[in-house]
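**Q** Before I ask anything, here is the structure I am working with.
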There are 2 protein chains.
Amino acid sequence: MADQRSTRSQPGSGGLFNPKAQQRPGTVAFRDLPGGCAACQIRELAICQALSDEEIASLEAILTQQRYAPSQTLFYEGDPAQYVFNLTAGTLRLSKLLSDGRRQITGFLRTGDFLGFARDDAYTYTAEAVTQVEVCRFAITEFEALFQHFPQLEHRLLARASNELAEAQDQMLLLGRKSPTEKLASFLLRQMSKAEKMGEPSSPVRLPMGRSDIADYLGLTIETVSRSFTKLRKDGVLELPDPNTVVVRDLQRLEDMGE
Amino acid sequence: MADQRSTRSQPGSGGLFNPKAQQRPGTVAFRDLPGGCAACQIRELAICQALSDEEIASLEAILTQQRYAPSQTLFYEGDPAQYVFNLTAGTLRLSKLLSDGRRQITGFLRTGDFLGFARDDAYTYTAEAVTQVEVCRFAITEFEALFQHFPQLEHRLLARASNELAEAQDQMLLLGRKSPTEKLASFLLRQMSKAEKMGEPSSPVRLPMGRSDIADYLGLTIETVSRSFTKLRKDGVLELPDPNTVVVRDLQRLEDMGE
DNA sequence: CGTAACGTTGAACTGTCTCAAGATCCGTGG
DNA sequence: CCACGGATCTTGAGACAGTTCAACGTTACG
């Protein structure tokens, strides 16, 4: 019934049982962007997209840049929500836990994604770095104050939220009704399309997360994920030079399985 | 893409194979609200909440009221998105289909809920009436035009979207990691809290949807849903005077099972 | 070179689904 | 008023997909 051994403690993790967790060890606030937002590479991807100079300046005035090492936590489910974030580099996972340790990952975030909105002033999920991560961090109160003057910002957030909602519904269909192989195929297709959207090649897909993260994202065990990879490989749909690199050999068949 | 037929034809259904389906048989545009929005009972629940008189007037100018009979369809997944809706009475189900007919219900909507935002101008899910339903319908173009003048409206929608997103994540946790009994318990608890929020009694909960809808919402079969109900009943947690009425006998235990 | 984390594979188990039959409720018509 | 048919729900028995438990392989790193 329960997937008890939900692993979680990882090396270098600034987790609950690390006495220094409060200090977010390894987290660094830094300023290494000469020219500021104006020179930001990912402006086009993020909420900053198509904002006026005045708006950008207002955002820039209240942001702090931060770095997180792999498996470090940005915040825990239930923490009082103080900040919102814009991911400028790396991959993040959002997850929720049941009291016995079963975990569900609700999404992987990439460069350009936005996170942090909460309900009743508490985060409803945990956010952890999968890879090395860089974010722009804003105090929620300051961020929301900008809405008054820049409705465009809120408009952009609503568009993003609608999109996330549609993705969440796709994921519900996946979790509730797809077989393990279908789940994995859908997952890989989505990773590919996201990579493509960022100008990366879509065929040798690089998966930054491990099998355990994939399992908890797809509602499976790591063994079933591994077996599904093996099945797709034996069927000639994929090649796996290493566990984190997927070469698609037969896109048509992958698509047939995914939808 | 959508497999329209998917078992689900129900008596009185205005489905695809009904020759009059294009006309939405039984759908009635009506005006039976003397006094208009000003007199609307559910203003406090809906997006209209706390809008100025001017804003309400603008909304009222572009709205059409409509009625749908049980199992009638408001729109199908993939339809070009022309309208957004505010549900003023009854219960609605949102669902997505796989090509072979497997269905996932992504949510049940109640009085006061808002629906219709789409991606790329097409609806991403199907919306059907569970009970008799009444809605206020707005043309999307006209509705969005209001954002320019009334940012408050967009603010309200963002708040709703954030909330829906949090609920969607709860549902992912449910679908991916909970056992059938836990799923049913969580479902009942949520129905109870929603009923309570609308001033209805929380203990004899009325479930407007059938077992098949519950199954497709929880990612189970109807048989497993039925067996889970039976289990909760035999354990003394519930009573079931009839299949659509749930009396909670042991709330503590229900809560323990749900989370 | 040894150890630990991660991934893969195998064998057995078990929970959920599938298939099938019976029970219940409701509207309709004899 | 009661019999009938259809839809929905419940219950049972058996099959099977995915999990659990366990061992082994691989890679990275001190």
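The values are calculated or read from the model by the stated rules, or taken from the named source; none is laboratory data. Here the structure is a predicted model, which is why all the values come from computation and not from measurement. Cβ: placed from backbone, ideal geometry, glycine included. Neighbour counts: every protein chain shown.
**Q** Search region A:213-225 for residues that are within 11 Å of DNA strand C (Cβ to nearest atom) and pair each with any residue that is aromatic (Phe, Trp, Tyr) when their beta-carbon atoms are under 7 Å apart and the residues are at least 6 apart or on different chains.
**A** A:Ile214/A:Phe187
**Q** In addition: Could you tell me which residue of region B:102-122 is nearest to B:Leu63 (Cα to Cα), considering only residues that are at pLDDT 95 or above and facing another protein chain (nearest Cβ under 10 Å)?
**A** The residue in question is B:Gly107.
**Q** OK, next. Counting just the residues of region B:230-250 that are exposed (fewer than 12 other Cβ atoms within 10 Å of the Cβ) and more than 25 Å from the chain's Cα centre (by Cα), which one comes out farthest from B:Met192 (Cα to Cα)?
**A** Top of the filtered list is B:Lys234.
**Q** If you don't mind, there's one more thing I want to ask. Considering only residues that are closer than 28 Å to B:Pro180 by Cβ and more than 8 Å from DNA strand C (Cβ to nearest atom), which ones fall in region A:226-247?
**A** A:Ser228, A:Lys231, listed by residue number.
**Q** Have a look at B:Glu77, B:Glu54 and point out the one that is charged (D, E, K, R) and either free of Cβ contacts under 8 Å to residues at least 12 places away in the same chain or more than 14 Å from chain A (Cβ to nearest Cβ) (or both).
**A** B:Glu54
**Q** OK, next. Would you confirm whether or not region A:122-137 contains a residue that is at positive phi and either touching a residue at least 60 places away in the same chain (Cβ under 8 Å) or surrounded by fewer than 19 Cβ atoms within 10 Å (Cβ to Cβ) (or both)?
**A** There is no residue in region A:122-137 that is at positive phi and either touching a residue at least 60 places away in the same chain (Cβ under 8 Å) or surrounded by fewer than 19 Cβ atoms within 10 Å (Cβ to Cβ) (or both).
**Q** Restricting to region A:187-204, name every residue that is of a type in the set (A, V, I, L, M) and farther than 15 Å from A:Val130 by Cβ.
**A** A:Leu188, A:Leu189, A:Met192, A:Met198
**Q** Take region B:208-239 and flag every residue that is over 24 Å from B:Leu92 (Cβ atoms) and touching a strand residue (DSSP E or B) at 6+ places or on another chain (Cβ under 9 Å).
**A** Selection gives B:Thr230, B:Leu232, B:Arg233, B:Val237, B:Leu238, B:Glu239.
**Q** Go over the candidates B:Ile140, B:Ile214, B:Ile222 one by one and state the one that is modelled with pLDDT of 95 or more, within 30 Å of A:His155 (Cα to Cα) and either more than 15 Å from DNA strand D (Cβ to nearest atom) or not assigned by TED's automatic domain parsing to the domain that holds B:Thr73 (or both).
**A** Among B:Ile140, B:Ile214, B:Ile222, only B:Ile140 is modelled with pLDDT of 95 or more, within 30 Å of A:His155 (Cα to Cα) and either more than 15 Å from DNA strand D (Cβ to nearest atom) or not assigned by TED's automatic domain parsing to the domain that holds B:Thr73 (or both).
**Q** Condition first: part of a loop (DSSP other than H, G, I, E, B), within 14 Å of DNA strand C (Cβ to nearest atom) and over 22 Å from the mean Cα position of the chain (by Cα). Can you find one or more residues in region B:179-197 that meet it?
**A** Taking every residue of region B:179-197 in turn, at least one turns out to be part of a loop (DSSP other than H, G, I, E, B), within 14 Å of DNA strand C (Cβ to nearest atom) and over 22 Å from the mean Cα position of the chain (by Cα).
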